[in-house]
1. Which residues, counting only those in the stretch A:25-47, are at pLDDT 90 or above and either in contact with an Asp or Glu (Cβ under 9 Å, 6 or more places away or on another chain) or surrounded by fewer than 17 Cβ atoms within 10 Å (Cβ to Cβ) (or both)?
2. Quick one: count up the residues across the stretch B:57-89 that are under 16 Å from B:Leu106 (Cβ atoms) and either free of Cβ contacts under 8 Å to residues at least 60 places away in the same chain or more than 14 Å from the ligand (Cβ to nearest atom) (or both).
3. Show me the helices (runs of 4 or more DSSP H) entirely contained within the stretch A:172-224 in which 3 or more residues are more than 29 Å from A:Trp130 (Cβ to Cβ) and modelled with pLDDT of 90 or more.
4. With the requirement that a residue be touching a residue at least 60 places away in the same chain (Cβ under 8 Å), assigned to a loop (DSSP other than H, G, I, E, B) and open to solvent by 40 Å² or more (accessible area, probe 1.4 Å), what does the stretch A:135-171 give you?
5. In the stretch B:464-484, is there at least one residue being among the polar types (S, T, N, Q) and open to solvent by 40 Å² or more (accessible area, probe 1.4 Å)?
6. Being more than 25 Å from B:Thr314 (Cα to Cα), in the same structural domain as B:Val310 (by TED's automatic domain parsing) and of a type in the set (S, T, N, Q) is the requirement here; does B:Ser251 meet it?
7. Name, by its number, the condition in (1) away from chain A (no Cβ under 11 Å); (2) open to solvent by 60 Å² or more (accessible area, probe 1.4 Å); (3) more than 13 Å from the ligand (Cβ to nearest atom) that does not hold for B:Arg40.
Amino acid sequence: MSALDDKSTDASASGGTADPGSQDSPKDKGGLAMLITFIIGLVGSLVVGWVVFPKVLYSTREQPIQFNHALHVEEAGGCDSCHYFREDGTFAGVPTLDACVDCHESAIGDSEEEAKFVENYVEPGIEVPWLVYSRQPDCVFFSHAAHVKKAGMDCVTCHGPVGESTSLKPYQENRISGYSRDIWGYDISGIFKKHEWDSMKMDDCARCHERETGSKGACFQCHK
Amino acid sequence: MKIDRRSFLTLVAGGAVGTALSPLPFKLMDDISIWSQNFRGLPIEVPVPEDGPATYVDSVCSLCPGGCGISVRKIGKRAVKIEGRPGYPVNDGGVCLLGISGLQLLYGPWRVTGPRKKVNGKWKPVSWDQALSEIADRLADIRNSGRPHSIAAISGRAKGTVPGLLKRFVSAAGSPNFFNIPANDDAYSYAIGRMFGRAGAVGFDFENSDFVLCLGSGILDGWGSPVRMFQAHSSWKNSGTKTVQVEPRLSNTAAKADAWIPAKPGTEADLALGLANVIIRDGMYNRQVERGRAFGRLVKLVADYTPARVSATTGVKEETIEKLAAQFAAARRPLAICGRGKGHTPSPAREVMATIALNALMGSINRSGGMIVSPEFDYIKWDEPVLDQSARTGLSASPAGTLTDLLKQAADGSSVQALFLLEANPAYTMHDAGTVKKAIDAVPLVVSLSSYMDESSNLADYILPLHSYLERMEDVPVTAALKIPLVSLSKPVVEPLYDTRHPGDVIIQLAREMGGSISDSFGWDNYEACLRQTFGAKWAKLSADGYIRKSTLETFIDTALTGRMDFTPLAEACANSSGRQKNSKDALLVPYDSMRIAADNIGTPPFCLKTVSDRVLKKNMIYVDVNPVTARKAGVADGRTVTLETPAGKAVVMVNVTDEVAPGVVAMPRGFGHTAYDDYIKGKGVNVNELLMPEEDPVSGFDVACVTPVKFTKA
Ligand code: SF4
């Protein structure tokens, strides 16, 4: 880089009238340096965009209580024993405490989490502030009944094999939008999707609707 | 190491390329948009619905005559969704597109938020007291000038306590000029009155019929009680019921029927009489009908309607007529119905009577799967209004005749001195609407009682804004071709949003303001007291169940009705109507109805408009459906803009060339072309009512216009 520095000094020293022919060699060197500079900028920003950005974008929190889906499926039956449809057809979503206390009125077994659950929530009657991985923005209308009851889809299609998990993964919250990382998906590019449940963005809804019903559907079907 | 400008820029360029190749900008944009959508706080407050437990309020929908039971979900004080009420006798949980869009009519910007007075052509807010006292003063002046009969009223609905109160007010003031906007129900009542000696409501037992012949009725396009008709239609799949649709356009109803007969518009009565001809000729009728009065005249009458002659009039092939008659007669419980499209306009008396005669011939009156005649509602039994001398004089004047006559007289600017509009929008819904507008404009005092800034309210001098249907308690009598008519009770679902009042209260308060005998005619403290007193002992049941109706037994009891019917009125109607078939070489313009477009005084809410195909409404233009043959003759191509010209007016539309309409017919959707309400509703397409000239039925006097010659001029 010193050649470059020298050159500019020369140029200014000679009042900016340096002979262009005499600059061949520094220019070649300069071209390489430029390329390197460019690559530094390129690689740096790629690293920022692909690696640093996703790390910074999300904050990580643990669920208030560790929960074993697999165990509950085994003991209580399928998803709908806790995530059930109410009589009027609405979906109950994440179960409230009433559902839990049917079995967990007092601690079952002697795990630490179980004790914490009973002590902090069941006994004082406080709802567990579960962090919901699949929570959508308010402007989205979604009917579980239409998909599960009418179209006969199973839970796994959109939610993945949650029922087989033995613990709750840490909840990653988008610092800007405030929603879970599961909505966009863990692949920050949003391109390399392996499973249907990897992300829950509007495009994912539209893709499936197009495939199954022949149309992406109208805006106001979901955005009322 | 020093970094100069060039290398800095190079670094930035590399960074920019790298950033563009990374997900960062796209992801960031997505997150920021979601963040902004949910932004709460100044300067922009994104509306986010309140969260909380849901409650439900049961009521009835009165956006069409269908009378569905609804259950409105509320979060906090706000209504958030309208659902059908399960187990309700009309619609059992179903609801239509317009029904669920009702919230837009409640919360939309077309509501009038307080009383208004027109000063120098501009609306000025006034207080209720001022508006009522000024109107009362003007009415007193009219009465004092000795012309109380020049006070007139037009109600959007015919039945119920609210129209009843307005009628009472007008009578007490001394005028016989109370009118309602007529519908096909009125044409049926009229025909029943003439043929059975006593007016009655007509219903149909669709669920138990095995063959339904629709003379133009859009049973899947909003006819009768629309949700009930959809449910009946789905039950026909299991019961194997056949339907035949006579209509010039392949409507939804025609598309779903077993056969579509595109008879020439306006010749439905001829076709019905042609069928009667074949049925009587071949002795395929139920002998009970012979006991009716003047059966001989019917026989003689239909003898003229030979298949050959009817074929020439209707354009339907002779063998089709023969086959249809045979199928109709062979069915176990055949049923014929009429009333075009939604049935919101009266059909000619001849057509209605011919339809009733067809049912009578098959013994399909007051039997399972047939046409059911029940007595008119008679629950309003108020004492006669108190009349002073001025009122007595006024009432002895002869009334205006028909609604069309009234408006004709109004045009002179003096025959009608004051006009009340009760949830009626004649400036939009009546034929030759342009002339109607001028007539209303000529009336010195026009008072519109309406929830919306509609076309007629726009022409008024005062608007007295009403609670919307979701904000008020009121009886809603429902005929709507139901097997058993019922009286339902609409209940306030939400607190009134604006400075509006109940129409019943407005009328009672105005009567108070008038004082004297008019005030004395309204002994009730308020509307609710009137409503409770009207229902008396039945009030408890009405308010608990939300409806009252007669039992099935009471309705079906008069099975011998056919034996007492009289065919003379039909013969007279035919005699009077003969020669009405104008044979014009022009194409014929016919309006058509759709479930997606609201009718009457209701503007189509945006939610419904969004579902309208862009081959019906595109941007602000509507399409008319034209058969390829007609299009070729007229020299117009698909998608072209043309000007249509009828005896009533001109309109610019686009052309949709399609086989789904009979040759010689131009089909235009009804319900567009509003010029009032607000930016969301107005300025979309053309109002077909402006293109039709009123056509008075020679027998019933109703305006029965349904078709008009039309010419194309290219734009
Ligand atoms: S059919 Fe008529 S009454 Fe029933 S929900 Fe629709 S608009 Fe309301």
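The values are calculated or read from the model by the stated rules, or taken from the named source; none is laboratory data. Predicted, not measured: the structure shown is a model, and the values here were computed from it. Neighbour counts are summed over all protein chains in view; Cβ atoms, including those assigned to glycine, are modelled from backbone coordinates with ideal geometry. The protein model used for the area step is the full one, side chains on, heavy atoms only, and it has no ligands, DNA or RNA in it. Shrake-Rupley method; radii C 1.70, N 1.55, O 1.52, S 1.80 Å.
1. Of everything in the stretch A:25-47, those that are at pLDDT 90 or above and either in contact with an Asp or Glu (Cβ under 9 Å, 6 or more places away or on another chain) or surrounded by fewer than 17 Cβ atoms within 10 Å (Cβ to Cβ) (or both) turn out to be A:Leu35, A:Ile36, A:Ile39, A:Ile40, A:Val43, A:Gly44, A:Val47.
2. Residues flagged as under 16 Å from B:Leu106 (Cβ atoms) and either free of Cβ contacts under 8 Å to residues at least 60 places away in the same chain or more than 14 Å from the ligand (Cβ to nearest atom) (or both) within the stretch B:57-89 amount to 14.
3. Qualifying helices (runs of 4 or more DSSP H): A:202-213.
4. Across the stretch A:135-171, the qualifying residues are A:Gln136, A:Cys139, A:Val140, A:Phe141, A:Phe142, A:Ala151, A:Thr166, A:Ser167, A:Pro170.
5. No, every residue in the stretch B:464-484 fails to be among the polar types (S, T, N, Q) and open to solvent by 40 Å² or more (accessible area, probe 1.4 Å).
6. no
7. Among (1) away from chain A (no Cβ under 11 Å); (2) open to solvent by 60 Å² or more (accessible area, probe 1.4 Å); (3) more than 13 Å from the ligand (Cβ to nearest atom), B:Arg40 violates only (1).
Conditions tested, residue by residue: (1) of a type in the set (Lys, Arg); (2) in a loop (DSSP other than H, G, I, E, B).
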residue: B:Tyr285; (1), (2): no, yes
residue: B:Val289; (1), (2): no, no
residue: B:Arg297; (1), (2): yes, no
residue: B:Arg309; (1), (2): yes, no
residue: B:Thr313; (1), (2): no, no
